[in-house]
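Heads up: the structure comes next, in structure tokens.
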């Protein structure tokens, strides 16, 4: 048999991973990577940290952990993989098993035959449908050329004001990158009702917005960009939204990406309506000699059972290895994802997996939400801090549908989310979360860890013991509508409650939970009671006491004062217990 | 029907949790907690942090997260739970459903009838079988009285030297507590061959020992305490082992605990040979009106399928809620544990779940071990640090049997271990770990996270691609025996290799991996090659190149130079890439 040749289109993340895996298992195979760029095998997710200065040198994003540059020469010498850069794959002739290539330097065409072809063509950034984006101070964050150009502008002091369009992960990271290190006055604009709209529900998202604003980033949500207008002088420009004009020296658009399935589609391979390449569990396309993975495919969502596009460097790497194993004659499968997500926004970490409440509802689930704010380690341990977690479950089946959280301690938060991923992927229930084994020691967890408490809370809601009100509903009915028929029953100690009683008068009643049994007569019988403590724990206890005493017209405000304050709904007192 | 009464014996961790859960679900029930101590519902796991001063006040260990003391009065008022302190449960009359009590203050006896009884009798500390332990400067760490007494001695400056007997979690925590904050010269002594013997295998344990010694704690393993001898003056004493005499002003024994099943056994309930109460999944004992949980029971180990004793505050809390639910008429189950574990030892965190390699072998598994040392986040991210993880798998079934790790970043480590727990509990395979979804962002994970890399490494070992040598085998055959038939092939760059070449001469050959293909002729054909890099990644690549060239007499040293140095086997160079 002639020497088998594997041709890989795309040399970032998945491509190199597949190439190296094949060569390790089958050194006799001829493996060729083709990429239209001169930069290959770089960590694109590191761009915001290069722009911010956390990563000082662009080469760090192109190096191995042992500080060798992942150049074409490196792949040839250390890995035995051939690399053709500045070479575009124009078309696939599947019948002849030939790839038509264009050398971009010489603009010549040539053919390369393959036994196996791997499509690692990545994604294409979405473009805003507005005029003015061709201005030289308008950038995307899609490759190292963008990164270098943005940093160069910042480094030479040419940027006083920046507008970031799109408040997804990359938008938030870029907002931090340009404002934190470079002192740039920064605005973040999104058409959605809150930041990180695909990932977070409103209350956690408002906690992130609040933090962005504390750190000096202006956040404009529910705002549509209409036009980018060049300024008269010195290269500055104006971003015109439906609500205001924002002057800027730098505009970055980060409004999502879509799978780059052009080559596949033109070759007659199956693609989704969104353009994502369809693959089986072995990551073969509809042509078994052609594999695809990474940002150009769509994958099964374990919760919805549907295909979705989830462009993540982590998936690309894992899929690259699977493709490598399979082409080398092994058997490996990729079964899907629950959309695990993490992002650092200044000093706050955000992480999530599965569906948000909003997404679960639109998928047709009878979704129920639990919100818990609790210390991320033993509450007596000195470095403890409050973590916020929200859980989405299905009412009828009690299945876990999604989890999301916000915390100043990123590792602790991401670890919690990761621990729930296997439960989500295997259709676990709230009881599985209540009983989830979490390694315990006071510096790292509570004896009843926040994850278990979250499961417990969801159980109590599903079982009808805990009748809850969402913080945003509290904001609307108590803070905004201020209906006289509604009274907040604050069951904390008097010191915590005092500023609220002062601010809201008769509408804010303070009866500490431990005295409630004796003071039930003091409660107004004709009002709706919104029971409140700092986190939702004592108020749950109080709610049960009220209901046992026949007072059914009461609800427990989930997350308590902590949630309301972290989400920026209300700020009164300075000295607050947790 | 008469009002149902639930009597709970033991008012720490499980007892209060069960009591409160019952009252929340069934406020009509009469719930009584009985405890022989005056201190109840305290966080015993916090004792080392109280002794160290991290927790300044003993009351913090007895308070809620909202700073209320969990006194009998608190339980009465806030929870509706009656509490009888300084009251010992003497015997159960199961026929009459009556508990016989002794009031310790008055030494009077009385009877208390029950509908449901909960045994939360906890554990009893093991005692060393040696003379002299009745000395007033010899302590255990089993309750707040011990904690207060130890701290009082430290605070008044009465302790210059301390000996801790037992290098389990509590021994290690106490070694840190007395030496770090109080500057006490501290020795840690254990009969086992390494610290944390029940949890860690030798290489990770030696990393912990190395760290303890760096922080000034002397570690004496494989050493048996024979006697504690009172000193002639000022209350000091001498701990005599089979190898030396250790002078001390304070001796702490922490040699494990055993389940306190006396009351159950005497009442004719089923207990294990070790004294642990046997319960079903609903946590009922062999008498369906009597429940038990926490440190006094044994639970199913998900990996071995056997009962084991696993005293952890986290299990006690979760089990307390389950018992509460069941007594209140619900249905909840506790299905077992994989023995998840975490401990902080100075600046190092240790965490584990499932079986160690040693335990897996003695359970009869055909166990295989993979060791990975990798950055805990993107290798280009500035705060990245090396994490060490070891995986134990079954060769035939490819089942995951256990994971253990050591890291300076405790949250990142514990999060990794927790993410693997659901896989362990559900008999996942190495492929499940390779494909485990880990939330990715450079500040929190690598694109190919260390967990996935660990799965990949184990796969490569099982599939025969990666032929490994354990660092301790390297230590024995290369460093100790120094056989001339064995050569270390260092495939790192010359700068890293130079000090080793200088130290070991012809026995340490440096050929960087990326030049290996061209220099295969330079390799000695008649020697055994131990292939080495900093972590085991490049050496794996090199191993495959050697084998493809027909050089079969080569092995990859797992964990590379990083493991060997962290475990204190060798220290030569100062400037090391990862």
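Observations on the model:
- In the set (1) touching a helix residue (DSSP H, G or I) at 6+ places or on another chain (Cβ under 6 Å); (2) surrounded by fewer than 22 Cβ atoms within 10 Å (Cβ to Cβ), residue B:535 fails one condition alone, (2).
- Looking across B:199, B:208, one residue alone is in a helix (DSSP H, G or I), surrounded by 22 or more Cβ atoms within 10 Å (Cβ to Cβ) and not assigned by TED's automatic domain parsing to the domain that holds residue B:306. It is B:208.
- Selection from the stretch B:158-189 of residues that are farther than 20 Å from residue B:207 by Cβ and assigned to a loop (DSSP other than H, G, I, E, B): B:158, B:159, B:160, B:182, B:183, B:184
- Residue ID - nearest to the other protein chains (Cβ to nearest Cβ), chosen from residues in the stretch A:30-61 that are touching a strand residue (DSSP E or B) at 6+ places or on another chain (Cβ under 7 Å) and closer than 26 Å to residue B:491 by Cβ: A:59
- Against the criterion of being outside any helix (DSSP H, G or I), on the phi < 0 side of the Ramachandran plot and either in the same structural domain as residue B:562 (by TED's automatic domain parsing) or in contact (Cβ under 8 Å) with a residue 40 or more places away in the chain (or both), residue B:192 does not qualify.
- Residue B:287 at pLDDT 95 or above and either assigned to a loop (DSSP other than H, G, I, E, B) or surrounded by fewer than 22 Cβ atoms within 10 Å (Cβ to Cβ) (or both): yes
- Among the residues making up the stretch A:307-323, those that are outside any loop (DSSP other than H, G, I, E, B) and more than 11 Å from chain B (Cβ to nearest Cβ) are A:307, A:308, A:323.
- Single residue of the stretch A:62-89 satisfying the filter (without any contact (Cβ under 8 Å) to a residue 24 or more places away in the chain and either part of a strand (DSSP E or B) or buried (at least 22 other Cβ atoms within 10 Å of the Cβ) (or both)) that is farthest from the other protein chains (Cβ to nearest Cβ): A:69
- Residue in the stretch A:464-477 that is touching a residue at least 12 places away in the same chain (Cβ under 8 Å) and more than 23 Å from residue A:565 (Cα to Cα) present: yes
- Residue match in the stretch B:468-478 (condition: at pLDDT 95 or above and within 14 Å of chain A (Cβ to nearest Cβ)): no
- Hey, residue B:565 under 27 Å from residue B:448 (Cα atoms), away from chain A (no Cβ under 14 Å) and free of Cβ contacts under 8 Å to residues at least 60 places away in the same chain or not: yes
- When residue A:509 is tested against (1) more than 14 Å from every other protein chain (Cβ to nearest Cβ); (2) under 28 Å from residue B:70 (Cβ atoms); (3) in contact with a strand residue (DSSP E or B) (Cβ under 6 Å, 6 or more places away or on another chain); (4) not in a strand (DSSP E or B), just one condition goes unmet, and that condition is (4).
- Hits in the stretch A:243-256 - residues which are touching a strand residue (DSSP E or B) at 6+ places or on another chain (Cβ under 6 Å) and not in a strand (DSSP E or B): A:249
- Sole exception among (1) more than 10 Å from chain A (Cβ to nearest Cβ); (2) closer than 24 Å to residue A:520 by Cα for residue B:27, by number: (1)
Matching residues to (1) more than 17 Å from residue B:541 (Cα to Cα); (2) modelled with pLDDT under 95:
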residue: A:3; (1), (2): yes, yes
residue: A:7; (1), (2): yes, no
residue: A:21; (1), (2): no, no
residue: A:24; (1), (2): no, no
residue: A:31; (1), (2): no, no
residue: A:68; (1), (2): no, yes
residue: A:82; (1), (2): no, no
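- Matching residues, the stretch A:25-61, being assigned to a helix (DSSP H, G or I), without any contact (Cβ under 8 Å) to a residue 60 or more places away in the chain and crowded, with 18+ Cβ neighbours inside 10 Å: A:46, A:60
- Which numbered condition residue A:322 fails, given (1) over 17 Å from the mean Cα position of the chain (by Cα); (2) surrounded by 24 or more Cβ atoms within 10 Å (Cβ to Cβ); (3) not assigned by TED's automatic domain parsing to the domain that holds residue A:98: (3)
- When residues of the stretch B:128-152 are limited to those that are in contact with a strand residue (DSSP E or B) (Cβ under 6 Å, 6 or more places away or on another chain) and not in a loop (DSSP other than H, G, I, E, B), the one nearest to residue B:51 (Cα to Cα): B:150
- Just one of (1) in contact with a helix residue (DSSP H, G or I) (Cβ under 7 Å, 6 or more places away or on another chain); (2) buried (at least 22 other Cβ atoms within 10 Å of the Cβ); (3) farther than 22 Å from residue A:16 by Cβ fails for residue A:327. It is (3).
Condition check ((1) more than 14 Å from chain B (Cβ to nearest Cβ); (2) part of a loop (DSSP other than H, G, I, E, B); (3) without any contact (Cβ under 8 Å) to a residue 40 or more places away in the chain; (4) touching a strand residue (DSSP E or B) at 6+ places or on another chain (Cβ under 6 Å)) across all residues:
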site: A:515; (1), (2), (3), (4): no, no, yes, no
site: A:530; (1), (2), (3), (4): yes, no, no, yes
site: A:534; (1), (2), (3), (4): no, yes, no, no
site: A:545; (1), (2), (3), (4): no, no, yes, no
site: A:555; (1), (2), (3), (4): yes, no, no, yes
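- Among the residues listed as B:446, B:441, the single one being surrounded by 24 or more Cβ atoms within 10 Å (Cβ to Cβ) and facing chain A (nearest Cβ under 7 Å): B:441
- Boolean, residue A:297 is buried (at least 24 other Cβ atoms within 10 Å of the Cβ), at pLDDT 95 or above and over 19 Å from residue A:258 (Cα atoms): no
- Matching entry among A:167, A:248, A:267 (being touching a helix residue (DSSP H, G or I) at 6+ places or on another chain (Cβ under 9 Å) and either assigned by TED's automatic domain parsing to the domain that holds residue A:561 or modelled with pLDDT of 95 or more (or both)): A:167
- Strands (runs of 3 or more DSSP E) completely within the stretch B:339-433 that count 1 or more residues being in contact with a helix residue (DSSP H, G or I) (Cβ under 7 Å, 6 or more places away or on another chain) and more than 12 Å from chain A (Cβ to nearest Cβ): B:367-375, B:386-394, B:400-407
The values are calculated or read from the model by the stated rules, or taken from the named source; none is laboratory data. The structure displayed is predicted, hence computed values, not measured ones. Every residue, glycine among them, receives a Cβ derived from its backbone with ideal geometry; neighbour counts consider all protein chains shown.
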